[in-house]
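Asker: The structure's right below; bear with me while I get my questions together.
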Amino acid sequence: MLYHAYELQRSWLSSASTWASIGAEMLSNPALPFGYMGMGPIVSSALDVFAHATATYGKPAWGIETVEAGGKRHPVVEATVVNKPFGDLKRFRRADLPEDAPRLLVVAPMSGHYATLLRGTVERMLENYTVYVTDWADARNVPLHEGHFDLDDYMDYVIEFLEHIGEGAHVMAVCQPSVPVFAATAIMNRDKHPCAPKTLTMMGGPIDTRCSPTSVNDLAMERPIEWFRQNVIATVPMQYRGSGRRVYPGFMQLAGFMSMNLGNHMMSHYEMFKHLTVGDEASAQATKDFYDEYRSVCDMTAEFYLQTVQEVFQDHAIPNGTFMHRGKRIDLGDITETALLAIEGQRDDISGLGQTKAALDLTPNLKDAKKRYYMAEGAGHYGIFNGSKWREKIAPVVEEFVAEHG
């Protein structure tokens, strides 16, 4: 019923958004007198904001055609190099990049948003690296016959992607995947796998959520896992390819994130309205571009979501040493070769300070020379991997670390 109620609301709002968009265009059309009379510009701007806020968003395109490096633009080649039911491996490469350039696997979060949320991350690293990205699928579009997908499968995907990339690769895990990628790194170090990453950078990841718990952590701890199973898991409706699959819907995740900072989101839309009324299209478009990406959400499989809530946020399986993969306990002491970089944002309201840094204390057999911590002053959660702080302050730290241990 939950998913059907959402679909009904989405259909209604989609129609309302279309009519609002038409009204905004009519009121702002220079060939018509409405835009020059009385409340015309104000009503047009209000309709434009409403149309944008209620529009339906699909998966955004990556759209990385060129990248700036060395003071000039370079063409970028995008390719899907591994195709799997629950996620592809994308490769982005500057056409003129040397063949021996470092290779970086960026593991995107499977947390309700598409991997394109990391577009800014990829663009910055493309200056000097061949960049691979885990492009996770929307679970509602994966047919039931493809089976299930949980944390074990996630780790298997990461290992398989590293095997495809080959020896000597580096890994960057952004937020949620820090946990399964950390565990996969332990597995590959334990097995002396030739494709074990040279370095692992974990950015704003919930390694130990007991450190500086945030509202996200508190929500996961307040209720038993059965409450989540009964109240936030839904069945995909018939009109999608994954009909019948049990999922944690993306719209639930988006509603949670929006409600955490509702005042800020409302002010952003009010500022967009003001920009439109004075004709500042560039500033209004910047806000639109952000929300186009932010409101593009996808579903997660129920088993992956529930296992993550229980293992990461409730049982603290990684710091407690009880995290499992295919029935075998993960021993983080097995990490002896892969260098670790933990990055946190000073103002991160999703993964609090200390949660990612904890990874460095959980690897007793890794030399201190292969561990590094960096706290980005003034950066929030998204500022760790997007925006000016990422480009100018954080990315150089990653590049220096990779060069040191590559």
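The values are calculated or read from the model by the stated rules, or taken from the named source; none is laboratory data. Not measured: the values here are computed from a predicted model. Every residue, glycine among them, receives a Cβ derived from its backbone with ideal geometry; neighbour counts consider all protein chains shown.
Asker: What are the pairs, 6+ residues apart or on separate chains, where a residue within the stretch 205-218 that is over 16 Å from T308 (Cα atoms) has its Cβ under 8 Å from a residue that is modelled with pLDDT under 85 and surrounded by fewer than 21 Cβ atoms within 10 Å (Cβ to Cβ)?
Answerer: Cβ pairs passing all conditions: S215/M260.
Asker: If you check E160 against the conditions, is it surrounded by fewer than 24 Cβ atoms within 10 Å (Cβ to Cβ) and part of a helix (DSSP H, G or I)?
Answerer: Yes: the conditions hold for E160.
Asker: To continue, here is another question. Just the residues that are without any contact (Cβ under 8 Å) to a residue 12 or more places away in the chain and either more than 16 Å from R119 (Cβ to Cβ) or in contact with a Gly (Cβ under 9 Å, 6 or more places away or on another chain) (or both), please, taken from the stretch 368-402.
Answerer: D368, A369, Y382, E392, P396, E400
Asker: Then there's this: Going through the stretch 62-75 one residue at a time, which ones are assigned to a strand (DSSP E or B) and within 22 Å of G406 (Cβ to Cβ)?
Answerer: V67, A69, H74
Asker: As an exercise: evaluate P98 against (1) outside any strand (DSSP E or B); (2) within 16 Å of the chain's Cα centre (by Cα) and give the number of the one condition it does not meet.
Answerer: (2)
Asker: Determine if the stretch 99-115 includes at least one residue that is hydroxyl-bearing (S, T, Y), in contact (Cβ under 8 Å) with a residue 12 or more places away in the chain and out of contact with any Cys (no Cβ under 9 Å at 6 or more places or on another chain).
Answerer: No - not one qualifying residue is present in the stretch 99-115.
Asker: Let me ask something additional. Pick from the stretch 312-328 the residues that are free of Cβ contacts under 8 Å to residues at least 12 places away in the same chain and either at positive phi or outside the structural domain of T214 (by TED's automatic domain parsing) (or both): which of them is surrounded by the fewest Cβ atoms within 10 Å (Cβ to Cβ)?
Answerer: The extreme case among them is G327.
Asker: Between a residue in the stretch 329-351 that is more than 30 Å from L219 (Cβ to Cβ) and in a helix (DSSP H, G or I) and any residue that is of a type outside the set (V, I, T) and at pLDDT 95 or above, which pairs come within a Cβ distance under 8 Å, given they are 6 or more apart or on different chains?
Answerer: G333/P364; G333/N365; D334/A186; D334/N189; D334/R190; D334/N365
Yes/no matrix, rows are residues, columns are (1) surrounded by fewer than 22 Cβ atoms within 10 Å (Cβ to Cβ); (2) part of a strand (DSSP E or B); (3) of a type outside the set (D, E):
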site: V106; (1), (2), (3): no, yes, yes
site: E127; (1), (2), (3): yes, no, no
site: Y132; (1), (2), (3): no, yes, yes
site: D135; (1), (2), (3): yes, yes, no
site: M155; (1), (2), (3): no, no, yes
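Asker: Take the residues in the stretch 347-406 that are among the polar types (S, T, N, Q) and closer than 27 Å to G321 by Cα; name whichever of them is modelled with the lowest pLDDT.
Answerer: Among them, the one singled out is S351.
Asker: In addition: Can you tell me which residue in the stretch 354-367 is nearest to V174 (Cα to Cα), limited to those that are in contact (Cβ under 8 Å) with a residue 60 or more places away in the chain and assigned to a loop (DSSP other than H, G, I, E, B)?
Answerer: T356
Asker: Now, a different point. Scan the stretch 381-394 for residues that are in a helix (DSSP H, G or I) and buried (at least 18 other Cβ atoms within 10 Å of the Cβ) and report the count.
Answerer: Here the count works out to 6.
Asker: Would you say H145 is in the same structural domain as E400 (by TED's automatic domain parsing), within 16 Å of A302 (Cα to Cα) and in a helix (DSSP H, G or I)?
Answerer: yes
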